[in-house]
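The values are calculated or read from the model by the stated rules, or taken from the named source; none is laboratory data. In this text, all values refer to a predicted model and were calculated from it rather than measured experimentally. Heads up, the Cβs are rebuilt from the backbone with ideal geometry, glycines too, and the neighbour counts pull from every protein chain shown.
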Amino acid sequence: MISRRVNDIEYAIRDIAVIADQVERKGKKVYKLNIGDPLKYDFITPPFISDALAKASHNGKNFYADSLGVIELREEISKFLKNKKNLNVNSEDVLITTGVTEGIYFLLAALIERGDEFLIPGPTYPLYINNTKFYDGIPIEYELDEKEGWDPNIEDMRKKITKKTKGILICSPNNPTGVLYSQNKVKQIIDLAGEYNLPILSDEIYDQITYEKEYVCPASLSKDVPIIGMNGFSKSDLMTGWRLGYLYYHDPEHKLTELKEGMAKMARARLSASTIAQYAAIEIFRTKSDHTKELVRKLKERRDYSYDRICKIEGISCVNANGAFYLFPKVELNEFNRWDNDKDFAIDLLKETGVCSVYGSGFGEFGKGHIRLTFLPDINILTEVYDQIENFLK
């Protein structure tokens, strides 16, 4: 027997990969557009970062680091937040984590008791659904309105706040839709959180990967509402496998003191994030490099091509992404007699064409009827992908 909390875990992004492996073993070419990992394609970790990792190890930085994180790295992050986001966050307000994933675990463990509710966007990254349930809480989805370009529905959010609500999640740029929240909506969410005395959790892992629209940092708009930002180096610095992230606390009225201490206890209990990875990350802030700008340039070309192709496929509609590297097209299942739901569609698409997407229902109730595709591969591969999808639907 296993516990309820483990038995209930679902993670569509990698669950579909199990089926993809089965298809691949039968000799079929598989296009793995399910996982958002640029390093699986033609992107590489900048050599100066890899060199810094090797140098840190050769220089003896192979010990356990401070549980809160290497102080020099926390100081660099503090400077970055002040210079780039106009935030007054000092090094003591920064916690280094083993990827943003560990930060999510820490935060929900510290916030959620049995029966508590956590307000998350719908659709949303499935880890927020899983982890809220893991700690015996209840994930409550507020609507991102597809008809309004996936902008948050503030009235829906207001209706779903109860006495059991413990926090509100902002995920912008959003995974899976790739859409940024507008500044007006971010302000409204902050005002709503202040009205109900709730903290905001802000997932900012894609904040440097944006296209036409500029990223709006929620903490920069908040004068009194506490905001915990979650970020890392996986995406914009092409270090997915290094598992290095951080949290920061924007807490103008010192409402997070108890939460910060609880998080510090959890950090001490797990010892530390990778020491050599932390020393390497310091060089990201101290070295002038255009690697993120070049990443965004290549991704924009691939996004433009992908969006154009998807819009020309009969039976699919799509809101364009203005951040991250995902598109979340809607499949008009009622036009076909073959599939009852998006999961059946995604599995059938995979088995017949080799195109591995993620079924939208894996991102919550508001994701039903959609699939998520990354546009990380080069355009030659993407051409094959959309040819396959188009022929499949015909």
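Table for the structure above
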| read-out | value |
| --- | --- |
| Some residue of region 329-339 being in contact (Cβ under 8 Å) with a residue 12 or more places away in the chain and over 18 Å from residue 390 (Cβ atoms) | no |
| Residues that are surrounded by fewer than 20 Cβ atoms within 10 Å (Cβ to Cβ) and closer than 24 Å to residue 36 by Cβ, drawn from region 147-184 | 149, 151, 182 |
| First in region 1-25 and touching a residue at least 60 places away in the same chain (Cβ under 8 Å), second anywhere and among the hydroxyl-bearing types (Ser, Thr, Tyr) and not in a loop (DSSP other than H, G, I, E, B), Cβ under 8 Å, 6 or more apart | 12/359; 12/361; 16/359 |
| Subset tally (residues that are touching a strand residue (DSSP E or B) at 6+ places or on another chain (Cβ under 6 Å) and on the phi > 0 side of the Ramachandran plot) for region 91-144 | 1 |
| Odd one out for residue 92, checked against (1) outside the structural domain of residue 256 (by TED's automatic domain parsing); (2) touching a helix residue (DSSP H, G or I) at 6+ places or on another chain (Cβ under 9 Å); (3) surrounded by fewer than 20 Cβ atoms within 10 Å (Cβ to Cβ) | (1) |
| The lone exception for residue 65 - which of (1) under 30 Å from residue 363 (Cβ atoms); (2) of a type in the set (Gly, Ala, Ser); (3) crowded, with 17+ Cβ neighbours inside 10 Å it fails | (1) |
| Filtered residues of region 18-42 (kept if surrounded by 18 or more Cβ atoms within 10 Å (Cβ to Cβ) and farther than 18 Å from residue 384 by Cβ) | 36, 38 |
| Qualifying residue in region 169-188 (condition: part of a loop (DSSP other than H, G, I, E, B), within 25 Å of residue 277 (Cβ to Cβ) and in contact with a Leu (Cβ under 9 Å, 6 or more places away or on another chain)) | yes |
| Residue count for region 189-212, restricted to those that are part of a strand (DSSP E or B) and of a type in the set (D, E, K, R) | 1 |
| Condition met for residue 194 (at pLDDT 95 or above, buried (at least 24 other Cβ atoms within 10 Å of the Cβ) and farther than 30 Å from residue 4 by Cβ) | no |
| Which listed residue is part of a strand (DSSP E or B) and either within 30 Å of residue 9 (Cβ to Cβ) or under 17 Å from the mean Cα position of the chain (by Cα) (or both), from 127, 108, 119 | 119 |
| Subset of region 351-373 (residues that are part of a helix (DSSP H, G or I) and within 16 Å of residue 383 (Cα to Cα)) | 353 |
| Test set (1) surrounded by 15 or more Cβ atoms within 10 Å (Cβ to Cβ); (2) in contact (Cβ under 8 Å) with a residue 40 or more places away in the chain - residue 75 fails condition number | (2) |
| The listed residue being surrounded by fewer than 19 Cβ atoms within 10 Å (Cβ to Cβ), β-branched (Val, Ile, Thr) and more than 20 Å from residue 232 (Cβ to Cβ), out of 292, 257 | 257 |
| Some residue of region 231-242 being part of a loop (DSSP other than H, G, I, E, B), in contact with a strand residue (DSSP E or B) (Cβ under 9 Å, 6 or more places away or on another chain) and either under 18 Å from residue 109 (Cα atoms) or in contact (Cβ under 8 Å) with a residue 60 or more places away in the chain (or both) | yes |
| Residues (aliphatic (A, V, I, L, M) and in contact with a Leu (Cβ under 9 Å, 6 or more places away or on another chain)) located in region 57-72 | 65, 68 |
| Residue that is surrounded by fewer than 23 Cβ atoms within 10 Å (Cβ to Cβ), under 22 Å from residue 180 (Cβ atoms), at pLDDT 95 or above and small (Gly, Ala, Ser), where the choices are 220, 202 | 220 |
| Positions within region 336-366 being closer than 21 Å to residue 121 by Cα and in contact with a Phe, Trp or Tyr (Cβ under 6 Å, 6 or more places away or on another chain), in sequence order | 342, 343 |
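Conditions tested, residue by residue: (1) at pLDDT 95 or above; (2) buried (at least 24 other Cβ atoms within 10 Å of the Cβ); (3) more than 17 Å from the chain's Cα centre (by Cα).
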| position | (1), (2), (3) |
| --- | --- |
| 325 | yes, yes, no |
| 330 | yes, no, yes |
| 334 | no, no, yes |
| 338 | no, no, yes |
| 357 | yes, yes, no |
| 367 | yes, yes, no |
| 378 | yes, no, yes |
| 383 | yes, no, yes |
| 387 | yes, no, yes |
